[in-house]
Amino acid sequence: MAKATDLAKRLLVGPAIRSGQAHGQLLPKRIALPVFASDALSSVAYAPQEILITLGVAGFAAYHFTPWIAAAVLVVLITVVASYRQNVRAYTSGGGDFEVATTNLGPNYGLGVGSALLVDYVLTVAVSVSSGVENLGAAFPFVHEHQVGTAIALVALLTLINLRGIRESGMAFALPTYAFMVAIFATLIWGGTRLALGDDLRAETADYVVRGEDMGLSGLALVFLLLRAFSSGCAALTGVEAISNGVPAFRRPKGQNAAATLLMLGLLAMTMFGGITALAYVIGAKFGDASQGSHLYDQSGREVVAHPVIVQVAQTVFSDFPPAFYVVTVVTVLILVLAANTAFNGFPVLGSVLAQNRYLPRQLHTRGDRLAFSNGIILLAAAAGALIYAFDAEVTRLVQLYIVGVFVSFTISQVGMVRHWNAKLPGERDPAEQRRMRRSRAINAFGAFLTAVVLIVVLVTKFTHGAWIAIAIMTLLFVTMRAIRRHYDKIADELAVEDDAVLDESIRPARNHAIVLVSKIHKPTLRSLAYAQATRPYSLEALTVAVDGAEARKLQETWDARGIDVPLKILDSPYREITRPVLDYVRKLRRRSPRDVITVFIPEYVVGHWWEHLLHNQSALRLKTRLLFQPGVMVTSVPWQLRSSDRLKSRPDQYAARSVRRPSDGPRKTTTGTGNDRA
């Protein structure tokens, strides 16, 4: 009977999928859109709100800049979408911005992009889930009182869904994402219709007063505030880059399908963001956040906390049909939570590519039972959960760390694409293809310029508000990944075989001396002696440590009485140690014959219960660990199955949680290195 843990894993994650079934996990565009676009689309729920919070620092008078800031954000969004359509057509392996930067600008630029994107993916999960919990708390006071616990529980749920595989998670998220699209477009259409018919739509906060800590700003101070509001609104662009990292998940032709999905994402995001911002402006919605310097007061002069802007818009538009308002609220919460799925698809793939290039531990390059990069999914969930806990699931505080990473990757990637087209153009002879390449280069060049400007604005306006934390984490990641790569390269060089190396006498041991460790005479000891003899060593002896002199003498007497034809050597241990006398004896043999090899046979029990491991094999484990560090010493475990292990014999073979697997259709390597990559 299978263990309860294995049964639970199969129930929660599902049955293992063969590598040959990987093609069945590829996504059509209708499923790929909700899988990769939910992050960008969900920003409709908080990006307009962040603009109002920042403008509120200068008071209500600054609200009239809202349309202009939204228009600037839309220009950047159009440019980024157009630029990334060139990326996904040219690079389809799943490396995304990392591959573009590494191939065209060098490994350091690629590593910088990788660091930025990893941080951005973690923040995507933290911000999206926290925002969803914030909206949910407006309807359920219990959730509002336990925001952190609720957010972490939702991250755990998303983790479980994604561990079941990309196709199943895509199917699970498709309906809520499409429902959100329908709900937002219904809000825009119905709101526009009511306004066209002359209805006076006013938000619940329309008559409230916004006061900021910097009222009456003008000149450079006002410009700086507007730039800060613009950088907050650029949160609407997060998630656009996810498709470039997820191209391998698309059906063929991968590049064309990814570009088509990106175009759909851009059109939807622009319409939804622009529409919600416009409606919020027309109906007079207001929002304040004391921690950011803007305060909201009702008619009585009491400071209040308003509902999220998108909730105010839906409540106002559907004031004549409340059920529709509740539908919009529910699907908004769902999309905000499920928006984290974009990161759950992008982070593991990027982690796999980085691991394949030896910048991260190899475990991140391993696919799990369901052909998902399980280790990357779990790592992302843990990091996002820690961030939610550290920032108390407060969206406004988390947003200050946001978008720095994504604009770093935007800018470097577009510069890399310009160099890509520069390298391709001289070798192209087809005039039509040359025109296409020049057009693509122009798009990427403008994208590089615009995203660089936005990056500078973000760094300048948000640095002291929390962006420095994201920059510090990116720097730490960059240094850590460089160190991991140096370690792997060092080991590869150390283990590399010379071109003229052969299996000759120079590397073959002269003789093999066998030692069987003995504590008492029992079946495991006799099996170990028999196995050691079967290996036909040059010499063979049994070794025991005299922790107790009387027991050692008794063992010698029993040994002689049984007529065992292997000499027994007893080592003195005045301090009752076991490990040190054995190590000293082995070292002595090695010094005597440096070209010889010593094989130490250690009898071990195979047990059937976890608690039995605490009662057996502890001395053997310690001794084996120390012996492994001795050059020229081989350690062989000779198992003896206790009766308790019989209960495990009938279990079906399962892939263990740490079983070594390799992707069936993993991303291609984008950099090369010396030595054995699997060293």
- request: Run down ARG252, ARG228 and say which single residue is basic (Lys, Arg) and in a helix (DSSP H, G or I).
  value: ARG228
message: Condition first: surrounded by 24 or more Cβ atoms within 10 Å (Cβ to Cβ) and either farther than 18 Å from ALA423 by Cα or of a type outside the set (D, E, K, R) (or both). Now tell me which residues in the range 92-101 satisfy that.
response: GLY94, GLY95, GLY96, PHE98, VAL100, ALA101
message: From the list LEU136, LEU220, LEU188, LEU195, exactly one residue is over 21 Å from THR277 (Cβ atoms) and modelled with pLDDT of 80 or more. Which is it?
response: LEU220
- prompt: Hey, does the range 49-57 have a residue that's buried (at least 20 other Cβ atoms within 10 Å of the Cβ) and not in a helix (DSSP H, G or I)?
  reply: no
- line: Residue count, the range 253-286, condition closer than 27 Å to LEU350 by Cα, in contact (Cβ under 8 Å) with a residue 40 or more places away in the chain and of a type outside the set (Ser, Thr, Tyr), comes to 15
Positions within the range 440-466 being open to solvent by less than 10 Å² (accessible area, probe 1.4 Å), modelled with pLDDT under 85 and among the polar types (S, T, N, Q), in sequence order: THR461
message: So, in the range 255-298, exactly how many residues are in contact with a strand residue (DSSP E or B) (Cβ under 6 Å, 6 or more places away or on another chain) and in a helix (DSSP H, G or I)?
response: 2
message: List the residue pairs whose Cβ atoms are under 9 Å apart, where the first residue sits in the range 582-601 and is without any contact (Cβ under 8 Å) to a residue 24 or more places away in the chain, the second is surrounded by 12 or more Cβ atoms within 10 Å (Cβ to Cβ), and the two are 6 or more positions apart or on different chains.
response: ASP584/LEU571
message: Which residue is modelled with the lowest pLDDT, if the candidates are limited to the range 556-608 and must be among the aromatic types (Phe, Trp, Tyr) and in a strand (DSSP E or B)?
response: TYR605
message: When you scan the range 59-81, do you find a residue that is surrounded by fewer than 18 Cβ atoms within 10 Å (Cβ to Cβ) and under 27 Å from the mean Cα position of the chain (by Cα), even just one?
response: no
message: Quick check on the range 360-413: of everything there that is on the phi > 0 side of the Ramachandran plot and more than 17 Å from the chain's Cα centre (by Cα), which residue is most open to solvent (accessible area, probe 1.4 Å)?
response: ASP392
message: Within the range 609-643, take every residue that is polar (S, T, N, Q) and part of a helix (DSSP H, G or I) and give me the one that is surrounded by the most Cβ atoms within 10 Å (Cβ to Cβ).
response: SER619
- prompt: Out of all the residues in the range 480-489, is one or more assigned to a helix (DSSP H, G or I), of a type in the set (Asp, Glu), within 26 Å of the chain's Cα centre (by Cα) and modelled with pLDDT of 85 or more?
  reply: yes
Out of ALA70, ALA16, ALA32, ALA45, sole residue that is touching a Lys or Arg at 6+ places or on another chain (Cβ under 9 Å), modelled with pLDDT of 80 or more and among the small types (Gly, Ala, Ser): ALA32
- prompt: Is it the case that some residue within the range 201-211 is out of contact with any strand residue (DSSP E or B) (no Cβ under 8 Å at 6 or more places or on another chain), free of Cβ contacts under 8 Å to residues at least 24 places away in the same chain and either among the small types (Gly, Ala, Ser) or assigned to a helix (DSSP H, G or I) (or both)?
  reply: no
query: Could we say that ARG486 is open to solvent by 50 Å² or more (accessible area, probe 1.4 Å), farther than 30 Å from LEU117 by Cα and of a type in the set (D, E, K, R) here?
result: no
field: Selected residue (criterion: farthest from LEU123 (Cα to Cα)) from residues of the range 334-346 that are part of a helix (DSSP H, G or I), open to solvent by less than 10 Å² (accessible area, probe 1.4 Å) and in contact with a Leu (Cβ under 9 Å, 6 or more places away or on another chain)
entry: ILE335
- request: Kindly indicate whether any position in the range 180-200 is among the acidic types (Asp, Glu), surrounded by fewer than 19 Cβ atoms within 10 Å (Cβ to Cβ), farther than 14 Å from ASN341 by Cβ and in contact with a strand residue (DSSP E or B) (Cβ under 8 Å, 6 or more places away or on another chain).
  value: no
statement: Expected output for the range 521-546 (first residue among the charged types (D, E, K, R), partner part of a loop (DSSP other than H, G, I, E, B), Cβ below 8 Å, 6+ apart or cross-chain) is GLU541/VAL566; GLU541/PRO567
Enumeration of residues in the range 114-153 that are open to solvent by 40 Å² or more (accessible area, probe 1.4 Å), touching a residue at least 40 places away in the same chain (Cβ under 8 Å) and aliphatic (A, V, I, L, M): LEU136, ALA138, ALA139, ILE152
task: Tally the residues that are open to solvent by 70 Å² or more (accessible area, probe 1.4 Å), closer than 19 Å to PRO48 by Cβ and touching a residue at least 60 places away in the same chain (Cβ under 8 Å), restricting the search to the range 287-333.
output: 1
query: Which one of these does LEU263 not meet: (1) open to solvent by 10 Å² or more (accessible area, probe 1.4 Å); (2) modelled with pLDDT under 90?
result: (2)
- prompt: Restricted to the range 266-282, and to residues that are touching a Leu at 6+ places or on another chain (Cβ under 8 Å) and within 19 Å of THR54 (Cα to Cα), which residue is most open to solvent (accessible area, probe 1.4 Å)?
  reply: VAL282
task: Answer with yes or no whether ILE243 is touching a residue at least 40 places away in the same chain (Cβ under 8 Å), in contact with a strand residue (DSSP E or B) (Cβ under 9 Å, 6 or more places away or on another chain) and either open to solvent by 40 Å² or more (accessible area, probe 1.4 Å) or part of a helix (DSSP H, G or I) (or both).
output: yes
- line: Here the qualifying pairs (Cβ atoms under 7 Å; residues six or more apart or on different chains; first in the range 376-393 and among the acidic types (Asp, Glu); second assigned to a helix (DSSP H, G or I)) come out as ASP392/VAL148
message: Can you go through LEU476, LEU555 and tell me which one is open to solvent by 90 Å² or more (accessible area, probe 1.4 Å) and free of Cβ contacts under 8 Å to residues at least 40 places away in the same chain?
response: LEU476
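The values are calculated or read from the model by the stated rules, or taken from the named source; none is laboratory data. From a predicted model like this one, the values you see are computed outputs, not experimental measurements. Note: ideal-geometry Cβ built from the backbone for every residue, glycine included; neighbour counts use all protein chains shown. Side chains are part of the model used for accessible areas, which takes the heavy atoms of the whole protein and leaves out ligands, DNA and RNA. Shrake-Rupley method; radii C 1.70, N 1.55, O 1.52, S 1.80 Å.
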